[in-house]
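The next block holds one structure in the form of structure tokens; read it before the comments.
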Amino acid sequence: MRVAIVGAGIGGLALAHGLSGAGLDVRVYERDPSPRHRRQGYRIHISPVGEEALAAVLPSAVRRRVIETATHPGDLVSGFDRQLRPTFEQTFPGGGPETVSAVDRYAFRRALMTGLDARLEFGRPFESYRALDDGVELRFADGTTETADLLVGADGVGSRIRGQLLPSYEVIDIGIRCVYGKIPLTDELRGLVPPAFLRGFSFVSDGPGGVGAAFAPVLFRTPPEEYGDYLMAVLTGSPEALGHSDEQLFSMRPEQLWETVTAKTADWHPTVRRLIAAADQSAAFPITLRSSLHIEPWTTGRVTLLGDAIHPMTPAAGAGANTALWDAAELTRALTGSAGLHDALAAYEHAMIENSQPIVTESLQNARQMFGVTAPSV
Ligand SMILES: Cc1cc2nc3c(=O)[nH]c(=O)nc-3n(C[C@H](O)[C@H](O)[C@H](O)COP(=O)(O)OP(=O)(O)OC[C@H]3O[C@@H](n4cnc5c(N)ncnc54)[C@H](O)[C@@H]3O)c2cc1C
């Protein structure tokens, strides 16, 4: 069976390993021009669900690479007000030397590409598909086409494949924008960072309706060639709280974005200000927080979806990547079992919706608490 996967993100790469390991003919089409294209990096929490899925689909050499390039596990989630007075604290058991509980997205994605060179095609922006009698035809932005027996849309929150398969599917904007940044952890800065910030996820809040800032360490077991340990810093708030319309925010240069972060935290605790001032300003980027609401079943055919392409969610449950990995393991299991293609896909789609709907709901509830948003309930 020839399987075309569109999107070499976290879910698409995990699926490519699972299926090619079972002997299926897999090709992955990615719009980025090269594997080194998106190098900003940011921290992604990997839960036991994600770890189990990775163990199920990855060959041992690739799994080893993932473990080696992961960050040292943290053991704390903490909250502070803007003068760095603690507001809450929760500890977790720290993991052992083989635990993967957080990764840098760039290093993780590079590790997941290990061994897939012959199956990955960069610079192939997918445009649309067409059903054939015995398969699917994919059309790319440059007018070229490919055929496959099955098309998997792993093309993220803005999925073109979802747009064609489920045109009335609703993805909402929850009204929160984030500016991500990176604070390189020099020896001098390590001495300045509050200890809690180096132990896990810390959220500093300006109070209801204001902005918040999250900090989380990326302390590599083995860093990528391009950069070393850093503290991820994220400013969150509504466009009103950030003081910029979307038009302004999404046309700013990284340095201008960081000026906004600096201005919005200008009267915060001096330690926060020193950390913000030490950021690599060129690494800043903005995002809009989006979420699905109701994931309705569709008629099973030769096109299916996984990860953010079908159930985008806010990062407030730390579960988007983990759920994409779960999908990849579940779809691998379905397609490599004894059922025919139609039944295997129907079983996957049913299980995927059952699994992801409660997580989407939880991530919206968490977003309401964390960011004070009034997103619609599900
Ligand atoms: C800043 C940030 C922090 C996050 N933190 C966490 C966390 O702590 N824990 C967690 O579980 N999740 C987290 N998430 C969510 C997580 O990153 C996503 O849920 C996850 O990446 C989804 O994986 P995916 O494979 O579905 O999509 P993606 O990883 O987004 O991959 C989609 C791929 O498809 C490609 N693509 C898109 N359109 C096309 C096209 N037309 N043609 C070809 N290729 C295309 C894209 O270039 C991309 O490579 C975070 C997200 C962000 C933005």
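Among the residues of the stretch 300-340, those identified as in a loop (DSSP other than H, G, I, E, B) and either more than 8 Å from the ligand (Cβ to nearest atom) or of a type in the set (Asp, Glu) (or both) are Thr300, Gly301, Arg302, Ile310, His311, Thr314, Thr336, Gly337, Ser338, Ala339, Gly340. Of the residues making up the stretch 101-126, just one is assigned to a strand (DSSP E or B) and exposed (fewer than 15 other Cβ atoms within 10 Å of the Cβ), namely Glu121. As for the stretch 82-90, it holds no residue that is among the hydrophobic types (A, V, I, L, M, F, W, C) and crowded, with 18+ Cβ neighbours inside 10 Å. Being at positive phi, part of a loop (DSSP other than H, G, I, E, B) and open to solvent by less than 60 Å² (accessible area, probe 1.4 Å), is that true of even one residue in the stretch 18-39? Among the residues of the stretch 18-39, not one is at positive phi, part of a loop (DSSP other than H, G, I, E, B) and open to solvent by less than 60 Å² (accessible area, probe 1.4 Å), which makes the answer no. Evaluate the following for Ile359: is it in a helix (DSSP H, G or I) and either open to solvent by 40 Å² or more (accessible area, probe 1.4 Å) or within 16 Å of the ligand (Cβ to nearest atom) (or both)? Answer is yes for this residue. The residues of the stretch 127-150 that are out of contact with any strand residue (DSSP E or B) (no Cβ under 6 Å at 6 or more places or on another chain) and of a type in the set (Val, Ile, Thr) amount to a single one, Thr144. (1) within 21 Å of Phe371 (Cβ to Cβ); (2) of a type outside the set (Asp, Glu); (3) in contact with a Ser or Thr (Cβ under 8 Å, 6 or more places away or on another chain): which one isn't true of Pro208, the others all being true? Going through the list (1) within 21 Å of Phe371 (Cβ to Cβ); (2) of a type outside the set (Asp, Glu); (3) in contact with a Ser or Thr (Cβ under 8 Å, 6 or more places away or on another chain), Pro208 breaks only (3). In summary, strands (runs of 3 or more DSSP E) completely within the stretch 194-299 and bearing 1 or more residues that are within 22 Å of Glu89 (Cβ to Cβ) and open to solvent by 50 Å² or more (accessible area, probe 1.4 Å) occur at 200-205.
The single condition among (1) assigned to a strand (DSSP E or B); (2) more than 12 Å from the ligand (Cβ to nearest atom); (3) not assigned by TED's automatic domain parsing to the domain that holds Ala344 that Val179 does not meet is (2). When each of Val157, Val152 is tested for being in a strand (DSSP E or B), hydrophobic (A, V, I, L, M, F, W, C) and modelled with pLDDT of 95 or more, the lone residue that passes is Val152.
Restricted to the stretch 300-314, and to residues there that are without any contact (Cβ under 8 Å) to a residue 60 or more places away in the chain and not β-branched (Val, Ile, Thr), the residue that is most open to solvent (accessible area, probe 1.4 Å) is Met313. Counting only residues that are near the ligand (Cβ under 8 Å from one of its atoms) and among the β-branched types (Val, Ile, Thr), which one in the stretch 40-57 is surrounded by the fewest Cβ atoms within 10 Å (Cβ to Cβ)? Per the stated criteria, the residue is Ile44. Reported count of residues in the stretch 1-17, each being hydrophobic (A, V, I, L, M, F, W, C) and either away from the ligand (no atom under 11 Å from the Cβ) or assigned to a helix (DSSP H, G or I) (or both), is 7.
Checked against (1) surrounded by 19 or more Cβ atoms within 10 Å (Cβ to Cβ); (2) among the basic types (Lys, Arg); (3) within 19 Å of Arg2 (Cα to Cα), Arg65 passes all but condition (3).
The values are calculated or read from the model by the stated rules, or taken from the named source; none is laboratory data. All values derive from a computational prediction rather than experimental measurement. Counting neighbours? That spans all protein chains shown, and the Cβs are built from the backbone with ideal geometry, glycine included. In case anyone asks, the SASA skips ligands and DNA or RNA and just uses the protein heavy atoms, side chains included. Shrake-Rupley method; radii C 1.70, N 1.55, O 1.52, S 1.80 Å.
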